[in-house]
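Report on the structure given below.
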Amino acid sequence: MSFPDGFLWGAGTSAYQIEGHHGRGESVWDEFCRRPGAVEGGGDASRACDSFLRWREDVELIRELGLGAYRFSTGWSRVMPEGTRADPKALDHYERFVDALLDAGVEPVLTLNHWDMPAGMSWAERSTAHAFASYAGAVAERLADRVTWWITQNEPWIIALLGYQLGLHAPGVADLGTAVKAGHHVLLGHGAAADVLHAHAGVMAGAALSLFPCDPATGSEADWAAAAGSDGYVNRWYLDPLLGDGYPADTREHWERALGHDLAFVLDGDEAAIGGRSDFLGINYYTRRVMAAAPADPFPWRVVGPSGDVARTDEGWEINPGALRDLLIGLSRRFPGTPLMITENGGVFGDAPTHDGRVHDTRRIAYLRDHVAAVGEAVDAGADVRGYLHWSLMDNFEWALGYRPRFGLVHVDYATGVRTIKDSGRYYARLIAGGGTAPALPRIEAFG
Ligand code: FCB
C-alpha cells in the first residue's frame, strides 16, 4: 500500500470544543448550553481543554506525535465578537498559533465555521451567508499568505439536522422547513466564502461533509428505495450542489412533498453560486446507515441498523472501515478531478489512565489501523486522497453530549487540563513515521 508523497497525516479539533472562553464574544452555543437539559451533564465549554491559554502545549503534542497536519478552527465568535467587526487581538492569537505550527513543520488546515457563530445569528437568515463571507475575508486577510487548506463549512447536514430540524444543537430550532432553508444558506455561505478565499493565490477551499453511506436492510425494492432516499437526504443534497451538479431532483421533490410547497428560498443563480468553487472535498466519516422503507411522514424511510453483533465504539456506532474505502472509491469515480481529504474519522473509546499513568486504548489503535488501511486500499484503487485527519487530537467538549464521549489520541483531565498521550497517539506516531505502514499487530498488543 503506497500513500502519495506529501500525504497529510494529521488530527483535528475545533475552537469551541477546546479553547475555553477567555475573552471570546457570546456564541450561539453559549446560549444553547444555558438551556436546562441541553447538554448532558449540564456542562459548558467555558473552560473545555483551556487551549486558548495552553496552545503552546498543544503544538508540542502535535510535534511529539509527528503530525504533518493539524486541523483547527478559528472561532467565529472570537474573531467577530459582535458579529460584524474583526477583533485584531483574536486574529493575532491565530496568527501566532499558525506560525508555531509552521515552525514545527505542520501544515495548518483551517476551518472557518465549526459551529460557534456569534450569538443572535442564524442560518435561517439568508444574510448570514454574507456575514460569513466577511468573516472569511477578515481571517484570510491575515492568514491566506501562510495557510493553504481552508474548510469553509463543517458538516452542513449536521448543522441543518441537529441545529434546526431536531433542536439538539445550537441554535435549538426544531422545524423541518427552517432546517431545509438553513442548509441552503450554509451552502450559499460556502460559495460566498470560497469566492473571498479565492482572491488569495494558492488557497485550496472546500467544505467538510459528514458522509454516511446508506445501505438497504434487505434486497427488497422498497428498502433499496429507502436507502436511495436517505442517501439523497444525508449526502447528495450537499454533495451534488457543492460539486457543481445542482440539487438532486429526487430529494428536491421529496422536500417539496414533505413541506407542501416549493423551495422558494432557492433563488435563480443560487446553485451556480454554490457549485464549482471546491478545490477539494473534506469527508468526515464515522459510520454507515442501514435503511428500511417506512410509511412514516415526512420521511418514507427509517434507520434500522446496523443491528446485531457488529463491532461498535462505546457510543454504539458500528465500526466499518470497508464502507469508508467504498465511499472514497465511489466519490473519486463520480467526481473525478476533485481531490479528497479525510477531515474527520475516529471513535469514542472511554479508556482512562491506569495505575501506570498510561491510557491503553487498544480498540482505538485497531480502529485507526483499520481505517488507515481502508484509505490505503482506496488510494491503491485510484482515489485521489490527499490526507487523513483523525478526530480528535484530544478529548474535548462533545457538544450536546458534554464531556462524556472521549475521541482523543490524547487524554485530557478536565479538572487539571493535564494532557496524556494515549497508546493510540504513540501508535499513530509510529504509523506516520512509517509513511502509513501499520506497525505489526504483536507490537500493538505490546501496548495493551
Ligand atoms: C462531528 C463534528 C465534530 C465532533 C465529531 C465527533 O460531527 O464535526 O466536532 O463532534 O463529530
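The values are calculated or read from the model by the stated rules, or taken from the named source; none is laboratory data. Remember, it's a predicted structure, so these values are computed and weren't measured experimentally. Heads up, the Cβs are rebuilt from the backbone with ideal geometry, glycines too, and the neighbour counts pull from every protein chain shown. Side chains included, ligands, DNA and RNA excluded: accessible areas come from the protein's heavy atoms. Shrake-Rupley method; radii C 1.70, N 1.55, O 1.52, S 1.80 Å.
A cut-off under 10 angstrom between Cβ atoms defines the neighbours of residue 38, and their net charge, with Lys, Arg +1 and Asp, Glu -1, is -1.
Is there a quick way to get the dipole size of the range 8-436? I mean about its Cα centre, with the Cβ of Lys and Arg at +1 and of Asp and Glu at -1; what is the value in debye to the nearest 20? It would help to have the intermediate numbers written out before the result.
Details: 38 positive and 57 negative charges, 135 e Å.
So the dipole magnitude of the range 8-436 works out to roughly 640 debye.
Sequence-ordered 3J(HN,Hα) estimates for the range 90-100 from the Karplus curve with 6.51, -1.76 and 1.60 and θ = phi - 60° stand at 5, 5, 4, 4, 5, 5, 4, 5, 5, 4, 5 Hz, glycine and proline given as x. Measuring from centroid to centroid over Cα atoms, what is the spacing of the range 160-231 and the range 60-112 in Å? The two parts, judged by their Cα centres, are 25 Å apart.
Mind checking which of 203, 119, 179 is farthest towards the positive end of the range 92-247's charge dipole, using Cβ charges of +1 (Lys, Arg) and -1 (Asp, Glu) about the Cα centre? Selected residue: 119. Backbone amide hydrogens, once placed in the peptide plane, bring residue 109 within less than 5 Å of 70, 71, 72, excluding anything fewer than 5 places away on its chain. Each residue of the range 287-297 in order: what ³J(HN,Hα) in whole Hz does its phi give by Karplus 6.51 cos²θ - 1.76 cosθ + 1.60, θ = phi - 60°, with x for Gly and Pro? With coefficients 6.51, -1.76 and 1.60, one gets 6, 10, 10, 10, 10, 10, 5, 8, x, 5, 10 Hz. Counting only protein heavy atoms, what percent of the accessible surface of the range 8-436 is carbon or sulfur at a 1.4 Å probe? Ligands and nucleic acids excluded, carbon and sulfur reach 52 percent.
Taking the Cα centre of the range 300-347 as origin and assigning +1 to Lys and Arg Cβ atoms and -1 to Asp and Glu Cβ atoms, the resulting dipole is close to 340 debye. Only DSSP H runs of four or more residues enter the estimate; each adds -39500 (n - 2.57), and after division by the residues of the chain the mean residue ellipticity at 222 nm equals -11000 deg cm²/dmol.
Which net charge results for the neighbourhood of residue 273, defined as the other residues with beta-carbon distances under 12 angstrom from its beta-carbon, given Lys and Arg at +1 and Asp and Glu at -1? Mind showing how you got there, number by number?
Details: positive: 126, 277; negative: 195, 268, 270, 271.
In short, -2.
Write down the accessible area per residue of the chain in Å², having rolled a 1.4 Å probe over the full set of protein chains. Dividing the accessible area of the chain by its residue count gives 37 Å². The range 242-264 and the range 305-336 have their alpha-carbon centroids 26 Å apart.
Rounded if a/c is under 1.5, else prolate if a/b beats b/c, else oblate: with a ≥ b ≥ c from the C-alpha gyration tensor eigenvalues square-rooted, which is the range 291-448? Note, shape of the range 291-448 comes out oblate. In terms of accessible area, using a 1.4 Å probe and ignoring ligands and nucleic acids, 181, 422, 89 rank largest first as 89, 181, 422.
Each peptide among 224-230, 69-75 gets the average number of other Cβ atoms lying within 10 Å of its residues, and from highest to lowest they stand as 69-75, 224-230. Given in Å, the Rg to one decimal and the Dmax to the nearest whole number for the Cα atoms of the range 11-132 are 14.9, 44.
How would you classify the chain from its alpha-carbon gyration tensor, with a ≥ b ≥ c the square roots of the eigenvalues: rounded for a/c under 1.5, else prolate if a/b is greater than b/c, otherwise oblate? It is rounded, given that a/c, with a ≥ b ≥ c, falls under 1.5. When the range 8-436 is described by a simple charge dipole with +1 on each Lys and Arg Cβ and -1 on each Asp and Glu Cβ, the residue from 239, 229, 362 located farthest towards its positive end is 362.
Amide H to amide H distances under 5 Å link residue 312 with 319, where only residues 5 or more positions off or on other chains count and H is placed in the peptide plane.
Placing unit charges on the Cβ atoms of the charged side chains and taking the dipole of the range 303-448 about its Cα centre, the candidate lying farthest along the positive direction among 319, 387, 399 is 387.
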